[in-house]
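The values are calculated or read from the model by the stated rules, or taken from the named source; none is laboratory data. Because the structure is a prediction, the values reported are computed rather than measured. So basically every Cβ, Gly included, is an ideal-geometry build from the backbone, and we count neighbours across all protein chains shown. Accessible surface areas use protein heavy atoms only, side chains included; no ligands, DNA or RNA. Shrake-Rupley method; radii C 1.70, N 1.55, O 1.52, S 1.80 Å.
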Amino acid sequence: MSEVVSYELNENIGVISVNNPPVNALAQVVREGILNAINAAQNDASKAIVLVCEGRTFIAGADITEFGKPPKDPGLPEVLAAIENSSKPIVAAIHGTALGGGFEVSLACHYRCAIASAKVGLPEVKLGLLPGAGGTQRVPRLIGVKAALNMITRGDPIAAVKANEMGLLDKVLDCDDVRAGALSYAKKLVDTGASLKRVRDITIDPSSVEIGFFENARKQLAKRARGQIAQDRIVSCLEAAVELPIDKGLERERELFKELITSPESAAMRHIFFAERQAAKIKDLPKDTALRPIKQVAILGGGTMGGGIAMCFANIGIPVLLLEINDEALERGMGIIQKNYAITVQKGKLTEDQMKKRIGLISGTTSYDEISEVDLVIEAVFENLDLKKDVFGKLDATCKQGAILATNTSYQDVNAIAEATSRPGDVVGMHFFSPANVMKLLEVVRGRETANDVLATVMQIGKKIGKVCALSGVCYGFIGNRMLGGYGREAQMLLLDGCTPSQVDSVLEGFGMAMGPLAMGDLAGLDVGYKARQSRTDLPDDPKLYRMGTLLVEMGRHGQKTGSGFYQYDPETRKRMADPDIEALIKEEATKLGVEQRAVSDEEILARCFYPLINEGAKILEEGIAQRASDIDVVYIYGYAFPVAKGGPMHYADSVGLKNVYEKICEFRDRYGEDYWQPAPLIKQLAEEGKTFAEWDRERGVA
Ligand code: 3HC
Ligand code: NAI
């Protein structure tokens, strides 16, 4: 049929087989191959047709690399129409993941069977899209409008057994061999004279949707949209499914799909899809680097981070030893872990049994001797270099040869920590984000001497525990925290210039940040930054710098934990409220410091907060601390809740235009001085050459 689609007769069943590694995406050759095979099967001796895939999965969706390029025939709707109109029943045989356009292909088939380990889903929303090949019209016909809305706006895959219960599948096969199972299922269908069951023929009862349902759904979804428009368009498609005949509904879906595919939000989200996968690749690491086995892990320090990190490993069945300074600290740490699991059980995301198993995998100790045989140690003790060096000296003396010794430090020098051991090649940074069991980012920090197999193993184990890994070199704060400096600084400077805390935060939240920088400071504790600043000698001697943050701490307003900071907090609900006293105090301070207050535009707030971050990102790239601009985007999306619809700070800078960014930074430098604003040479260079960070990544062969 084609190089990627074959067709053969197996007795009276025609078998269409797709083989387009790695994930059988619906590239043009696949679409053409399927169409030709369906047409051929109409005129041969087959009584039914099975559509099955080779390799690790059923079709995992449209080929995302084709988006944004001129469309090539046949289009997916044409292929689906041929499937649906086939004169012989077509059975989709699902293994792996049938996602997006792949699942939509199966929805056009007359029957869907899957092996038990398979999953199905419509994840388009995660790419800023909606299912564009009938998913929004066929799914509500199968499972009802409400369940369809939930499934399509969330985009999460659904396990075969559940999908079968919901009505998305017709059968879960009782064997693991999808081809054999589907063949025997198809034969049975033929033998029993099964009909050509078409999802399109099912009618939706409009009274199944109460009045105001869609309006309500739009409101609810807008709350978590953070700049994404796809959810809203999905609601429109489901409205069409209820109100219009299917062909009109499909037309409406196509129209809205086309709108989304050209939207900057979807471009940003597709950028992140590929960036996330790129970030896992280390450019100078041989692909065949042998990995070290990780069967048992020790965590040092059972505080905020250590407990969460321990949970990450227990969650995938790896036994963990948690080492603390004394029994009391150990008990406290274990208590927090148990509480966290109990909350997950309460939310219905874990069963009691699973919780018990996971907690059973974590045991406590206060003795280094007990951790001597583990394969990986992750240190999460207090953030103090001398303490960390001492701890690594002890690890060197006790741990078996070949054990990986990782530190979760946020700011300390990983090379200095490695030097405290006789085996610096085994030392690496594993920088988790808080809460460690929830946040998806893991910055993997490569020390001067970190061995290749250590790095490869840590990247792989990071993926296994469900993290998105990004590589960083050694510098103060690594990629993410280093870039954050100017962001927090400018948020406070803007107050003196005439903004209220609510104004700064609401502009950044309007942009899509989960929380504005000042509210974030209140949440993290203003005393944390205050203490960190006291030990820094590199900050300019400027009374304006962090003026408000410092004053608030000295007034005992440390943020949410003391009930007030930049804002006041309702003691019951923790709701933040503007504080007129603080707004007056800001004005007073500005006068004292001779700053003339003025109206500041939203554009200026965005530029003042984000451009220092982007500028530092460019310096990080020049220094080789980050491998590629897209890695920085991954760090910000998964570690700092930067809105995915903006694609990360470097992609955002590309979309604004580096020339514009550069010129603004120069303007701010002229206005506020070189202490704070020095354009990175890379931004200047790319601005002059009219290039983007993405182009620079591609030119260097890292994207
Ligand atoms: N198109 C093009 N390339 C794809 C792809 C797709 N739909 N899905 C995955 N790939 C590529 C990845 O970029 C990666 O390439 P690389 O090796 O060069 O980095 C390779 O396939 C393997 O992917 P993963 O590393 O993600 O492999 P996993 O085994 O971890 O995961 C998966 C497999 C669950 C299928 C995951 O790849 C995935 O979720 N893919 C995207 C699925 C999706 O979003 N489908 C909807 C597409 S939009 C659509 O269908 C529109 C339709 O409604 C019209
Ligand atoms: P924490 O203060 O909550 O916990 C530290 C724990 O280490 C305490 O329970 C303490 O008893 C224990 N400890 C101290 N010395 C020890 C020793 N010698 N042996 C064993 N245990 C010892 O601190 P937190 O927040 O968990 O931070 C730990 C590390 O993680 C720090 O390096 C920090 O910079 C880093 N980190 C913190 C993040 C956060 O948001 N809290 C985020 C990312 C990294």
- Query: When you take every Cα atom in the stretch 480-600, what is the radius of gyration, and what is Dmax, the widest Cα pair distance, in Å?
  - Reply: 13.7, 40
- Note on the structure: Where a ≥ b ≥ c are root eigenvalues of the Cα gyration tensor, a/c under 1.5 meaning rounded, otherwise prolate if a/b exceeds b/c and oblate otherwise, the stretch 273-373 counts as oblate
- Note the direction-averaged projected area, equal to a quarter of the hull surface, for the Cα convex hull of the stretch 297-472, in nm². 8.9 nm²
- Probe 1.4 Å, protein heavy atoms only - accessible area per residue of the chain in square angstrom: 43 Å²
- Within the stretch 537-566, what residues put their amide N at less than 14 Å from the label point 7 Å along the Cα-to-Cβ vector of ASP675? 537-548
- Lys and Arg at +1, Asp and Glu at -1: add these up for the other residues within a Cβ distance under 11 Å of ARG218 and post the number. 0
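Could you give the semi-axes, largest first, of the ellipsoid that matches the stretch 380-455, computed as the square roots of 5 times the alpha carbon gyration tensor eigenvalues and rounded to whole Å?
Whole-Å semi-axes of the equivalent ellipsoid: 19, 14, 11.
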- Cα-based Kirkwood hydrodynamic radius, the stretch 5-261, one decimal, Å: 18.2 Å
- Give the cross-link partners of LYS72 among the lysines, using a straight C-alpha distance below 19 Å as the criterion and excluding same-chain residues fewer than 8 apart. LYS258
- Query: Where in the stretch 139-181 does the amide nitrogen come within less than 20 Å of the point 7 Å from the Cα of ARG277, taken along Cα to Cβ?
  - Reply: 155-158
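If I compute solvent accessible area with a 1.4 Å probe over the protein chains, what percent of it on the stretch 496-578 is carbon and sulfur?
Of all accessible area on the stretch 496-578, carbon and sulfur atoms account for 53 percent.
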- Note on the structure: In terms of the charge dipole of the chain, which places +1 on Lys and Arg and -1 on Asp and Glu at the beta carbon, the residue among GLY303, THR457, GLY447 farthest towards the positive end is THR457
- Item | Charge dipole (debye, nearest 20) of the stretch 297-472; +1 at Cβ of Lys and Arg, -1 at Cβ of Asp and Glu | 880 debye
- Report, ordered by chain and residue number, the lysines lying within cross-link reach of LYS691, taken as a straight Cα distance under 16 Å and ignoring same-chain residues fewer than 8 apart. LYS659
- Item | Volume in Å³ per residue [convex hull over Cα atoms, computed for the stretch 1-125] | 96 Å³
- In whole Å, how far is the Cα centre of the stretch 56-108 from that of the stretch 110-182? 13 Å
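Using only alpha carbon pairs under 8 Å that are at least six residues apart, calculate the relative contact order of the chain and give it in whole percent.
Answer for the chain is 9 percent.
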- Item | the stretch 343-373-the stretch 5-52 distance, computed between alpha-carbon centres (Å) | 48 Å
- Note on the structure: For the chain, the charge dipole (Cβ of Lys, Arg +1; Cβ of Asp, Glu -1; about the Cα centre) points to a positive end, and the Cα of MET513, THR421, PHE392 closest to that extreme belongs to MET513
- Task: Would you work out the charge dipole size for the chain about its Cα centre, treating the Cβ of every Lys and Arg as +1 and the Cβ of every Asp and Glu as -1, and quote it to the nearest 20 debye?
- Result: 1340 debye
- Task: Would you calculate a helix-derived [θ] at 222 nm for the chain, using -39,500 (n - 2.57) for each DSSP H run of n ≥ 4 and dividing by the full residue count, to the nearest 500?
- Result: -15000 deg cm²/dmol
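Looking at the chain, which longest stretch skips every one of the chymotrypsin sites (Phe, Trp or Tyr not before Pro) that is in a DSSP loop with at most 14 other Cβ atoms within 10 Å, leaving the sites themselves out?
Values: sites that count: PHE382, TYR411, TYR476.
Longest stretch, sites excluded: 1-381.
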- Gain in span if fully extended, ASN43 to ASN452, counting 0.36 nm per residue against the direct Cα distance: 141.5 nm
- Query: GLU373 to THR192: extension gain in nm, 0.36 nm per residue of separation minus the Cα-Cα distance?
  - Reply: 59.1 nm
- Item | Which listed pairs, of LYS88/LYS119; LYS388/LYS464; LYS389/LYS561; LYS295/LYS464, have C-alpha distances above 23 Å, in listed order | LYS88/LYS119; LYS388/LYS464; LYS389/LYS561
- Run the dipole for the stretch 574-643 about the Cα centre, Lys and Arg Cβ at +1, Asp and Glu Cβ at -1, nothing else charged, and hand back the magnitude in debye, nearest 20. 220 debye
- Item | Centre separation in Å (Cα based) which lies between the stretch 380-410 and the stretch 281-315 | 14 Å
- Shape metrics for the stretch 603-699, restricted to C-alpha atoms - Rg then Dmax, Å: 12.5, 35
- Note on the structure: Log10 I(q)/I(0) at q = 0.05, 0.07, 0.11 Å⁻¹ for the chain, from Debye over equal alpha-carbon scatterers, is -0.29, -0.57, -1.27
- Too-long pairs where the Cα-Cα distance tops 24 Å, listed order kept, from LYS223/LYS619; LYS146/LYS187; LYS146/LYS467; LYS69/LYS126: LYS223/LYS619; LYS146/LYS187; LYS146/LYS467
- Rounded to whole Å and ordered largest first, report the semi-axes of the equivalent ellipsoid of the stretch 87-235 derived from its Cα gyration tensor (root of 5λ). 30, 17, 12
- Which whole-number percent is the relative contact order of the stretch 5-261 (Cα, under 8 Å, 6+ apart)? 18 percent
